[in-house]
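No value in this document is a laboratory result; all are computed from the given coordinates. Just so it is clear, the structure is predicted and the values come from calculations on it, not from any experiment. Here the Cβ is made from the backbone with ideal geometry for all residues, glycine too, and neighbour counts use every protein chain on show.
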Amino acid sequence: MDMSEETPQSEYILRPMNCELNQLSMPDGSAMLMQGNTAVIAGIYGPVEAKLQKMIYDKASVEVSYSPIKGPTKVDDRMTEMYIKETCEAAIIVTFHPATAICINVQELEDSGGMLACTINAACLALINAGIPMKFTIAAINCMIQKDSEDIILDPDNIQLQEAKAEFTFAFDSMDKNVICCYTTGCFTETEFLKTMDRCKQASQYVFDFYRNLVKKYANVI
Amino acid sequence: MEVSIGDVVMPGDTVKDITTITKKETIILGPGLRREADTVYAYKAGVLKKTEPAVYYVDSYQKRYVPNRGEHVVGIVTQKGGDIFKVDIGASEQASLSYLAFEGATKKNRPDIQVGDLVFAKLLVASKDMEPELVCVDSHGKEKKLGILSSEGMLFTCSLSLIRKILNHNSPLFNMLARNQAFEVAAGMNGRVWVKARTIQETIAIATAILAAEYAPLSDIKKLCSDIEKTLLLTQSGNMD
């Protein structure tokens, strides 16, 4: 595990991101994303025919299923699903495909910190790959406040998280960099909260640049 | 972020060139672009393109088909009943095809179509709020190239951008292949391609050529076709021995 990120000048730097799009043949769009050692794979089906109970006559319904690496889906995983659903629903132009369903399936591959941020980013990349109409793209950033030093660490890994006083996950939109999703655990003050949010907002640009470079790479095929 | 023609766009980017144009011509925003007040936004990731005089669109990679009026599609008949057939065209909803929408069909003389048959049809109605409707005749009641596809052919699926690429008038793929092989092909805008050649080997070779064209630049297509022809000749001579 790389601990060199504790050096002060690399505070703004996230763990290295790796992504492969369209790895799966069955879904309409898919993305395999690695942020450091945290890895997930996301697949999108859509717009497909909606089940009668879930059909909304004037907009597309977004369905998310998140599978952990082992065992059945637990309450915590249901919460992750809800976070992905609400976040993606904010980005997708749901009125473009009324009475249909957009299914997002996310499979956890390895968790070494920042799982929620990684799943949201993977879902967003898969949505881009599937060609689902979106108002903007989303970048989620995970960060923490260290117990003793009160330092803010961006995109911490498992070992760093053991010394966390509080952990934050923020998702931003690509247009105005507004917060669309926020998940926190632990104790913190209001100033600390605003400070971490600001730091994450700056870091989100790195993720948006990563998205654009990724699309540039495969755009020459079109 | 602001983008201009030829750039890679991401959802949420604003297109600046459109807003400054003050010509009399009507500007058409194609797929991938939407207007909100005075600003034009992209809603898909891809390459921003413009065709004269003023048609703007985003060329993007996509696998799922969204029906558009007037497009030709390859569909699979899934249901037969009453006056209509239900046809799977790969969209979010099944399309309907009236049994009267075939050449020479009357109430007494029904077309012979079974569940599982392939049809090459045109979308007469395609709207996001309504069920898509297919026809197998043009406005003169003639079938032309539409209708049932023979079961001797082979069906395969590919991405929608590949279909657009091979159906483009500038694409040399089919002309190159047709120089040495005789084949029939029906490429639907829904990403389904039906191919039939003289032998099974040739059919597979043509299907491979079409799929390989996705990642080949225009300049390489000539080499690709000759490579496939060579391999085909080798396998055929191998069969004769």
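What the table below lists for this structure:
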| quantity | calculated |
| --- | --- |
| Virtual spin-label span in nm between B:Glu2 and B:Gln236, 7 Å along Cα→Cβ | 5.8 |
| Cα Rg over Rh - the protein assembly as shown, Kirkwood | 1.03 |
| Aspartates and glutamates with Cα under 15 Å of B:Lys49, excluding same-chain neighbours fewer than 8 positions away | B:Glu2, B:Asp7, B:Asp13, B:Asp17, B:Asp59 |
| Inter-centroid distance (Cα atoms) of segment B:56-71 relative to segment A:124-193, Å | 34 |
| Neighbourhood charge, 12 Å Cβ-Cβ cut-off, centred on A:Lys135 and excluding it, Lys, Arg +1 and Asp, Glu -1 | -3 |
| Whole-Hz couplings from phi, Karplus 6.51/-1.76/1.60, listed for segment A:199-207; x for Gly and Pro | 5, 5, 4, 5, 5, 4, 4, 4, 5 |
| Prolate/oblate/rounded call for chain B, Cα gyration tensor, a/c under 1.5 rounded | oblate |
| Long-range lysine pairs (8 or more apart or interchain), chain A, Cα under 15 Å | 8 |
| In segment B:137-203, the trypsin sites (Lys or Arg not before Pro) that fall in loop regions by DSSP, at most 13 other Cβ within 10 Å | B:Lys142, B:Lys144, B:Lys145, B:Arg179, B:Arg198 |
| Estimated Rh, segment B:72-149: Kirkwood, alpha-carbon pairs, angstrom | 12.3 |
| Pairwise centroid distance, computed over Cα atoms, of segment A:67-110 with segment B:112-141, Å | 35 |
| Shielding by partners - mean other protein chain Cβ count within 10 Å, residues of B:55-67 | 5 |
| Estimated D of segment B:80-221 in µm² per second, where Rh is the Kirkwood radius over Cα pairs and Stokes-Einstein applies at 37 °C, 0.692 mPa s | 199 |
| Low-density loop positions, GluC sites (Glu not before Pro), segment A:139-222 - DSSP coil, at most 11 other Cβ in 10 Å | A:Glu150 |
| Interchain or long-range residues, amide H under 5 Å from B:Phe85's placed H | B:Leu97, B:Ser98, B:Tyr99 |
| Loop sites in segment B:1-81: trypsin sites (Lys or Arg not before Pro), DSSP, at most 12 other Cβ within 10 Å | B:Lys23, B:Lys24, B:Arg69 |
| Distant alpha-carbon pairs in segment A:75-139 (separation over 14 angstrom), percent | 58 |
| Binned Cα-Cα distances of chain A, short to long, each 10 Å bin given as a whole percent | 8, 34, 36, 17, 4, 0 |
| Reachable lysines from B:Lys145, criterion Cα separation under 26 angstrom, eight or more residues apart if same chain | B:Lys63, B:Lys80, B:Lys86, B:Lys107, B:Lys108, B:Lys122, B:Lys165, B:Lys196 |
| Cβ-derived FRET efficiency at R0 30 Å, B:Ala37 paired with B:Lys144, nearest 0.05 | 0.10 |
| Test item: B:9-17 mean partner chain Cβ contacts at 10 Å | 5 |
